[in-house]
Amino acid sequence: GSQSEFSDYNFEGSGMSVLLDILAYNTYYNSYYLNMVANEAFLDTAQIRQNILSQAKLINYVPTSPHAAEAMINVRVTPTASENQTLDTITLDKYTRLLGADIEGTSYPFVTINSNTAHKSGSSFYFPNVWIKQGEVITQQFAMSSNNKTARFEIPSANVDTKTLTITVQESASNSYTEEFLHSSDITTATANSRIYFLEENENLNYTLQFGDGVLGYRPKDGNIIIATYVDTQGSMGNDVSKFNFVEPVGDIYTGNVRVTTVSSSRTGSDKEDIDRVRLRAPQYYTAQNRCVTVRDYETILVKEYQNIDAVSIWGGEDNDPPVYGKVYISIKTKGFYTL
């Protein structure tokens with residue numbers, strides 16, 4: 001009231017009013033932005049998968065990958081007149097490709113997951129109880145060089161069934177000697193010569209191989225070739241497939257009379273662990289520290305390792321009726337009446 005500078009000033013139409021509005025909007029947007037940033041910094045409140053992965057990584061939790069559906073089939077091969085009749089033994093090679101169809105007629109690729117050998121009986125070869133997985137086998141090669149300081153390699157797929165991932169390191173392009181490296185999630189057992197690799201889901205939602213640094217795990221040498229072979233799967237979509245046909249020759253020879261009988265339709269296929277389950281399980285997994293002491297530890301590790309568990313109840317022998325000390329009892333309900 002004592003100042004006369006703004007007497008009779010038209011505030012509503014002034015530039016000052018516009019500036020005040022801008023400042024108010026800016027303050028509001030900043031507060032909203034900072035609130036979102038704060039939420040994404042914590043595992044409990046984060047909504048973006050990349051941020052949840054980053055928080056889970058700090059407590060050594062790698063979300064479970066998709067799991068390829070599995071089926072069991074019997075295969076009978078009867079050579080036709082135009083095919084080789086003289087062989088007494090043939091081998092159904094690992095990763096021989098099939099095509100499976102569900103009840104709606106949708107087709108899915110499958111592969112055999114083991115090598116199977118059959119002897120001729122009468123006029124045919126019989127392969128009983130052959131396990132197959134849903135997906136396509138893909139092989140990626142990476143060159144190790146001095147420019148790769150971190151020894152990290154990205155597998156360009158978000159649909160890797162990491163249970164099927166095999167890593168071998170070839171000496172060089174001119175030397176075919178190879179060594180297999182095994183997956184590890186525990187650095188306490190790693191030495192400078194341990195042939196191991198670590199695995200994580202990166203910001204692109206793909207999987208990254210991380211090799212050792214020469215102290216915690218062996219670091220591949222410059223010129224080595226990293227070979228990654230895995231099944232790229234469609235997860236739960238591959239369940240309940242019951243009709244199968246080979247799209248590759250059995251034993252690299254026979255295509256004419258190959259009969260496939262389904263023993264069990266495809267099952268146990270599952271998708272990549274979603275963010276809600278990561279948010280729930282990661283702290284529990286960290287608490288368990290890879291050992292089973294409490295009831296919650298058993299539950300956490302079982303559910304992590306077996307994705308087709310729907311519910312689990314665990315109790316110590318001291319709570320049993322009658323008490324049986326020194327034992328742990330586990331009762332499991334699986335998804336879709338599947339077995340573990």
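Scanning the stretch 179-200 for residues that are touching a Lys or Arg at 6+ places or on another chain (Cβ under 8 Å) and open to solvent by 80 Å² or more (accessible area, probe 1.4 Å), which turns out farthest from TYR95 (Cα to Cα)? Walk me through how you get there before you give the answer.
Our first condition is that a residue be touching a Lys or Arg at 6+ places or on another chain (Cβ under 8 Å); within the stretch 179-200, this holds for 179-182, 200.
Cutting the leftovers down to open to solvent by 80 Å² or more (accessible area, probe 1.4 Å) gives us 180, 182.
Details: GLU180: 18, LEU182: 20 Å.
Looking at the filtered set, the residue picked out is LEU182.
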Cβ-Cβ distance below 8 Å, separation of 6 or more or different chains: which pairs start in the stretch 232-250 with a residue that is within 23 Å of HIS119 (Cα to Cα) and end on one that is of a type in the set (Ser, Thr, Tyr) and open to solvent by 40 Å² or more (accessible area, probe 1.4 Å)?
PHE244/THR262; PHE246/THR255; PRO249/THR255
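Among the residues of the stretch 228-243, write down those that are of a type outside the set (Val, Ile, Thr) and open to solvent by less than 10 Å² (accessible area, probe 1.4 Å).
Matches in the stretch 228-243: ALA228, TYR230, GLY235, GLY238.
Restricting to the stretch 280-308, count the residues that are aliphatic (A, V, I, L, M) and either assigned to a loop (DSSP other than H, G, I, E, B) or under 15 Å from LYS333 (Cα atoms) (or both). Can you show your working first?
At the first step, the residues of the stretch 280-308 found to be aliphatic (A, V, I, L, M) are 280, 282, 288, 293, 295, 301-303.
After this cut, where a residue has to be either assigned to a loop (DSSP other than H, G, I, E, B) or under 15 Å from LYS333 (Cα atoms) (or both) as well, the list is 293, 302-303.
Total satisfying the criteria: 3.
Can you name every residue in the stretch 308-317 that is among the polar types (S, T, N, Q) and either open to solvent by 30 Å² or more (accessible area, probe 1.4 Å) or at pLDDT 90 or above (or both)? Steps first, please.
Pass one, the stretch 308-317, residues among the polar types (S, T, N, Q): 308, 313.
Of everything in the stretch 308-317, just one residue is among the polar types (S, T, N, Q) and either open to solvent by 30 Å² or more (accessible area, probe 1.4 Å) or at pLDDT 90 or above (or both), namely SER313.
Among residues belonging to the stretch 213-226 that are closer than 13 Å to PHE153 by Cβ and not aliphatic (A, V, I, L, M), point out the one that is most open to solvent (accessible area, probe 1.4 Å).
Residues of the stretch 213-226 closer than 13 Å to PHE153 by Cβ: 219-220, 224-226.
This time we only want the ones that are not aliphatic (A, V, I, L, M), so: 219-220, 224.
Numbers: ARG219: 67, PRO220: 2, ASN224: 6 Å².
Of everything passing the filter in the stretch 213-226, ARG219 is most open to solvent (accessible area, probe 1.4 Å).
For the stretch 261-277: of the residues being within 29 Å of GLN50 (Cα to Cα) and of a type outside the set (Ser, Thr, Tyr), which is surrounded by the most Cβ atoms within 10 Å (Cβ to Cβ)?
Of the residues in the stretch 261-277, the ones within 29 Å of GLN50 (Cα to Cα) are 268-277.
Going one step further and asking which of them are of a type outside the set (Ser, Thr, Tyr), we end up with 269, 271-277.
Working: GLY269: 27, ASP271: 16, LYS272: 20, GLU273: 21, ASP274: 12, ILE275: 18, ASP276: 9, ARG277: 14.
Ranking the qualifying residues of the stretch 261-277, first place goes to GLY269.
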Going through the stretch 243-265 one residue at a time, which ones are assigned to a strand (DSSP E or B) and of a type outside the set (Val, Ile, Thr)?
LYS243, PHE244, ASN245, PHE246, TYR254, ARG259, SER264, SER265
Flagged in the stretch 64-92 as open to solvent by 50 Å² or more (accessible area, probe 1.4 Å) and either in a loop (DSSP other than H, G, I, E, B) or touching a residue at least 40 places away in the same chain (Cβ under 8 Å) (or both), in numbering order, are ARG76, ALA81, SER82, ASN84, GLN85, THR86, LEU87, ASP88
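Might you check whether a residue that is part of a strand (DSSP E or B) and modelled with pLDDT of 90 or more occurs anywhere in the stretch 27-39? Break it down stepwise before answering.
Pass one, the stretch 27-39, residues part of a strand (DSSP E or B): none.
Within the stretch 27-39, not a single residue is part of a strand (DSSP E or B) and modelled with pLDDT of 90 or more.
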Meets criteria (surrounded by 11 or more Cβ atoms within 10 Å (Cβ to Cβ), over 27 Å from SER65 (Cβ atoms) and small (Gly, Ala, Ser)) for ALA101
no
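The values are calculated or read from the model by the stated rules, or taken from the named source; none is laboratory data. All values reported here derive from a predicted model rather than from experimental measurement. Methodologically, a virtual Cβ is constructed for each residue, glycine included, from the backbone with ideal geometry; neighbour enumeration extends over all protein chains shown. The protein model used for the area step is the full one, side chains on, heavy atoms only, and it has no ligands, DNA or RNA in it. Shrake-Rupley method; radii C 1.70, N 1.55, O 1.52, S 1.80 Å.
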